[in-house]
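Before any comments, here is the structure.
The values are calculated or read from the model by the stated rules, or taken from the named source; none is laboratory data. Predicted model only: the values in this text are computed from it and were never measured. Cβ placement follows ideal geometry from the backbone for every residue including glycine, while neighbour counts extend to all protein chains displayed. Side chains are part of the model used for accessible areas, which takes the heavy atoms of the whole protein and leaves out ligands, DNA and RNA. Shrake-Rupley method; radii C 1.70, N 1.55, O 1.52, S 1.80 Å.
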Amino acid sequence: MDARRRYLVAVSVALLLTACAVGPDYELPTTQAVPAYKRETPVPTTTDADWTPASPGRPDTLQWWQVFKDPILDGMMVELGKNNQNIQVSLANLRQALARVQEARASFFPVVGATGSVSRGRSVSGAAVGKTYSAAMQANWELDIWGGIRRSVESSAAEAESRAADLGAVLLSMRCELALNYFQVRMLDTLLGLYDQTITAYSHSLRITENQYKAGTVTRADVAQATAQLRAVEAAKADIRLRRNQTEHAMATLLGVPPIHFELAPKSLQQAHLPVISAGLPATLLERRPDIASAERQVAAANAAIGVAKSAHFPVFSFIASGGYTSPSFSRWLTSPHEIWSLGPSLFLSLFEGGAILARTDQAIAAWESTVAAYRQTVLQAFAEVEDALTASTLLKEEERLQEEAWHAAQEAEHIVKNQYTAGTVDYLAVVVAQASALENARTVIQLKG
């Protein structure tokens with residue numbers, strides 16, 4: 001058998017051996033099965049046709065904000081995707097991860113290089129000093145017999161998928177934050193409208209009280225109480241305006257523009273469309289939440305890293321080839337008599353590293369255990385957050401209903417006390433108490449709806 005045939009046989013055997021890969025094959029970590037949510041709201045007899053459950057594995061494609069039927073919010077969501085800097089950071093991180101996958105895959109192919117040099121020196125004692133011209137090309141191909149390169153690619157690919165899920169999580173987080181701020185502004189706009197009406201009513205009451213004081217039917221204390229009540233409401237309105245401005249500035253930052261270039265026209269929360277939303281089955285939560293997807297891909301990446309670490313226990317097989325020319329004369333440099341070449345397999349086996357390879361393997365296993373625990377914690381946290389939301393959706397709706405009843409009762413009490421004050425049967429303090437109660441109840445109703 002000639003040398004060329006022996007090399008071909010060796011390559012074929014090596015390629016057959018690459019069918020195996022050291023390290024554990026990936027298995028999805030188990031989590032506690034949850035058949036239903038603890039606080040699931042009763043399924044409505046008629047479902048909202050605008051609500052579409054998230055598609056498994058594609059949380060970024062669900063335009064969930066459209067259920068609110070608000071064109072202003074829809075437009076801002078488009079701008080958010082283009083200009084939000086946190087999203088741009090996540091996109092850049094994803095591109096880095098994809099580039100690392102390409103870098104890992106490059107290890108499947110030979111590394112080819114070229115060298116050229118001119119040197120001047122003496123080869124043996126007493127010989128004349130002369131120049132040596134050389135040029136050569138080298139190729140080194142490491143065979144992935146133990147699957148270390150494949151595990152490295154597998155780990156990098158899982159990392160890239162995790163970064164893609166992180167991008168989905170950032171998109172979801174930024175969109176949620178924008179929507180929360182938007183409806184916060186609408187809630188504050190509604191409160192400002194309430195306080196405008198209250199200031200008008202309190203100003204009217206103050207004028208009446210001042211006229212009665214001039215007529216001698218009430219004391220100066222009544223005027224002072226009416227004035228204090230009006231000024232307190234005006235101060236509270238100023239605080240609400242401050243909160244609105246700050247929230248509007250936060251929205252501008254989310255949209256990637258300076259606050260001076262962003263202004264949101266006032267709009268009442270009463271005009272908002274509130275859809276009926278079902279939480280869906282717990283199993284679908286694992287499919288549509290990007291934070292869970294990212295944590296799971298981290299487990300896959302750590303699992304593959306164990307194989308990379310274990311492959312260092314085995315010898316490295318390579319094929320090395322080189323060829324070129326070397327000559328003491330520049331004119332005869334690239335001629336046949338001065339041609340040099342070499343071709344052959346290479347084997348490297350680390351015999352002693354003081355336990356470094358074992359330590360790296362132990363690190364990889366511990367890192368995998370850490371990602372498994374983080375994945376399970378992420379799943380538990382996700383279920384807890386949904387339970388919190390379901391509880392809030394149910395109990396806040398009931399609280400809002402009761403609070404509206406209290407508000408109506410407070411309005412009726414205010415009307416009665418005002419009539420009693422006009423008739424002179426109660427002092428102005430009773431009016432102040434009744435008006436403050438009505439205002440507080442109205443304020444609470446608006447905040448609950450927000």
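Taking the conditions (1) assigned to a helix (DSSP H, G or I); (2) open to solvent by 40 Å² or more (accessible area, probe 1.4 Å); (3) free of Cβ contacts under 8 Å to residues at least 40 places away in the same chain in turn, Arg360 satisfies each one other than (3). Restricted to region 92-121, and to residues that are exposed (fewer than 14 other Cβ atoms within 10 Å of the Cβ) and more than 26 Å from Gln138 (Cα to Cα), which residue is nearest to the chain's Cα centre (by Cα)? In this case the residue turns out to be Ala92. Close contacts from region 202-222, counting a first residue that is of a type in the set (A, V, I, L, M) and a second that is assigned to a helix (DSSP H, G or I) and surrounded by 14 or more Cβ atoms within 10 Å (Cβ to Cβ), with Cβ to Cβ under 7 Å and a gap of 6+ residues or different chains, come to Leu206/Ala226; Leu206/Thr227; Leu206/Leu230; Val218/Thr209; Val218/Gln212; Val218/Tyr428. Of everything listed in (1) at pLDDT below 90; (2) within 30 Å of Tyr37 (Cα to Cα); (3) open to solvent by less than 90 Å² (accessible area, probe 1.4 Å); (4) not aliphatic (A, V, I, L, M), the single unmet condition for Lys397 is (3). The listed residues are Val78, Val67, and the only one of them that is outside any loop (DSSP other than H, G, I, E, B), in contact with an Asp or Glu (Cβ under 6 Å, 6 or more places away or on another chain), modelled with pLDDT under 95 and under 16 Å from Cys176 (Cα atoms) turns out to be Val67. For region 146-162, the criterion of a residue being buried (at least 18 other Cβ atoms within 10 Å of the Cβ), within 30 Å of Arg289 (Cβ to Cβ), touching a Ser or Thr at 6+ places or on another chain (Cβ under 6 Å) and at pLDDT 90 or above is satisfied by at least one position. Exactly one residue among Leu448, Leu390, Leu351 is open to solvent by 40 Å² or more (accessible area, probe 1.4 Å) and either in contact with a Cys (Cβ under 9 Å, 6 or more places away or on another chain) or of a type outside the set (D, E, K, R) (or both), and that residue is Leu351. May I ask you to say which residue of Leu390, Leu402, Leu347, Leu395 is within 23 Å of the chain's Cα centre (by Cα) and not polar (S, T, N, Q)? Of Leu390, Leu402, Leu347, Leu395, the one residue that is within 23 Å of the chain's Cα centre (by Cα) and not polar (S, T, N, Q) is Leu390. Pairs meeting the criteria (first residue in region 140-159 and within 18 Å of Val299 (Cα to Cα), second residue of a type in the set (Gly, Ala, Ser) and not in a helix (DSSP H, G or I), beta carbons under 7 Å, at least 6 apart or on different chains) are Arg150/Ala21; Arg151/Ala21; Arg151/Gly23.
Scanning region 219-265 for residues that are open to solvent by 70 Å² or more (accessible area, probe 1.4 Å) and under 25 Å from the mean Cα position of the chain (by Cα) yields a count of 3. Restricting attention to region 303-323, and to residues there that are of a type in the set (A, V, I, L, M) and outside any helix (DSSP H, G or I), which single residue is farthest from the chain's Cα centre (by Cα)? It comes out as Ala321.
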